[in-house]
Structure formats: C-alpha cells, structure tokens
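Q: Please find one structure pasted underneath; my questions will follow.
We did not get these values from a lab; they are worked out from the coordinates using the rules stated. Please read all numbers here as calculations on a predicted model, not as lab measurements. Reconstructed Cβ throughout: ideal geometry from the backbone, glycine too, with neighbour counts over all protein chains shown.
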Amino acid sequence: MQSVSSMSSMDHLWLIICCAVVAFIPRFFPLLFFTKRQIPEWFNEWMRFVPVSLFTALVVKSVFVDSKYNIMTSGNLGMIISSILVGIIAYRTRSMTLSVIIGLASVMIFVLVLHI
C-alpha cells in the first residue's frame, strides 16, 4: 500500500471518487426504496427518537469515558451540565440541528468561559 505522499494526482482523484461513491450509496438506496412505498406510521413514530438516541450514544462516551476507556466521575461538570441541557432540548424538539447548536454554545459557555 502506498503512503499518501507517494500517491499521484490521479490516485488522489480516484480516492476522492471512491469515497464519494461509498458515501452516496447508503443515502441513495433507502431513498430509492422509500419513494415507491408508503412508509408505515409506526416507522415514522419510531424514527422521531433517532436524534435522541444518536445524541445519547455520541455524548455519553465523550463526557463519561476518557481516552484510555476509563470512566470519568469528576472534572467535567461543564460537559455534564451541557449534555443534560442538550438532552432535554433534543427530547423536546427532536431537532438535531438545534441540539447541536445549543450543545456547542453551552459547552463554550460552561467550559471555556466559566471554567466549570
């Protein structure tokens, strides 16, 4: 396998094309599948909880587990307050965009400005 520095411009182009195809396929086939079918109501109801589930999976690891996979119980109060705030926002609004914006702003305020 070549290192990145020894790759030619054409190799980089092929790498970008392959990455684009790999990123496109998982988005295209569900879209193709669901445009021709009626989506059941139970599925739509279930999908409403995806932002909360994604938030939980991403945040719990970054707030409570350090880089050596040890559980952290102190020293991250600002992150814990921010995660609780964003959890409430994500659950109430079901908006991933609003959750991310509130999360970034609250971490900036609590951790960088107030040093909590």
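Q: With Rg/Rh (Cα atoms, Kirkwood Rh) defined as stated, name the option among [x] 1.13; [y] 1.05; [z] 0.93 computed from the structure displayed.
A: For Rg/Rh (Cα atoms, Kirkwood Rh), the calculated option is [x].
Q: How far apart, in nm, are the 7 Å Cα→Cβ label points at residue 23 and residue 111?
A: If labels sit at residue 23 and residue 111, their model points lie 2.5 nm apart.
Q: Using 0.36 nm times the number of residues separating residue 48 and residue 84, minus their current alpha carbon distance, what extension gain do you get?
A: On the way: separation 36, 0.36 × 36 = 12.96 nm, distance 1.92 nm.
Additional length available on full extension: 11.0 nm.
Q: Considering only 72, 96, 47, give the residue with the highest GNM mean-square fluctuation for the chain, with springs between Cα atoms whenever their separation is below 10 Å.
A: For the chain, modelled as a Gaussian network with Cα springs under 10 Å, the answer is 72.
Q: Then there's this: For the chain, with a Gaussian network of springs between Cα atoms less than 10 Å apart, report the residue from 80, 89, 71 with the top mean-square fluctuation.
A: 71
Q: Hey, another quick one. Could you check how many percent of all C-alpha pairs in the range 48-113 are farther apart than 20 Å?
A: Of all Cα-Cα distances in the range 48-113, 26 percent exceed 20 Å.
Q: Length gain on complete extension for the stretch residue 10 to residue 65, per 0.36 nm per residue less the alpha carbon to alpha carbon distance?
A: Full extension from residue 10 to residue 65 adds 15.7 nm.
Q: Something else: Under DSSP H, which helices of the chain have Cα atoms covering 30 Å or more of the helix axis and a Kyte-Doolittle average no less than -1.0? Spell out each step's value before the answer.
A: Details: long enough: 9-35 (38 Å, 1.66).
Both cut-offs are met by 9-35.
Q: Would you mind pulling out the separation of the Cα centroids of the range 5-22 and the range 23-43, in Å?
A: The range 5-22 and the range 23-43 have Cα centres spaced 29 Å from each other.
Q: Let me ask something additional. How far apart, in nm, are two points set 7 Å out from the Cα along the Cα-to-Cβ line at residue 98 and at residue 39?
A: Going by the 7 Å Cα→Cβ label model, 1.9 nm.
Q: Add -39500 (n - 2.57) for each DSSP H run of 4 or more in the chain, then divide by its residues: what number comes out at 222 nm, to the nearest 500 deg cm²/dmol?
A: Working: 5 runs with 78 residues, N = 116.
Per the formula, -22000 deg cm²/dmol.
Q: How large is the charge dipole for the chain, taken about the Cα centre, if only the Cβ atoms of Lys, Arg (+1) and Asp, Glu (-1) carry charge, to the nearest 20 debye?
A: Values: 8 positive and 4 negative charges, 55 e Å.
In total the dipole reaches around 260 debye.
Q: Something else now. If I build a Gaussian network model for the chain, linking alpha-carbon pairs within less than 10 angstrom, which residue out of 82, 106, 62 has the largest mean-square fluctuation?
A: Answer for the Gaussian network model of the chain: 62.
Q: Shifting gears a bit: Can you pull out the trypsin sites (Lys or Arg not before Pro) in the range 38-116 whose DSSP state is coil and whose Cβ has at most 13 other Cβ atoms within 10 Å?
A: Sparse-neighbourhood loop trypsin sites (Lys or Arg not before Pro): 48, 68.
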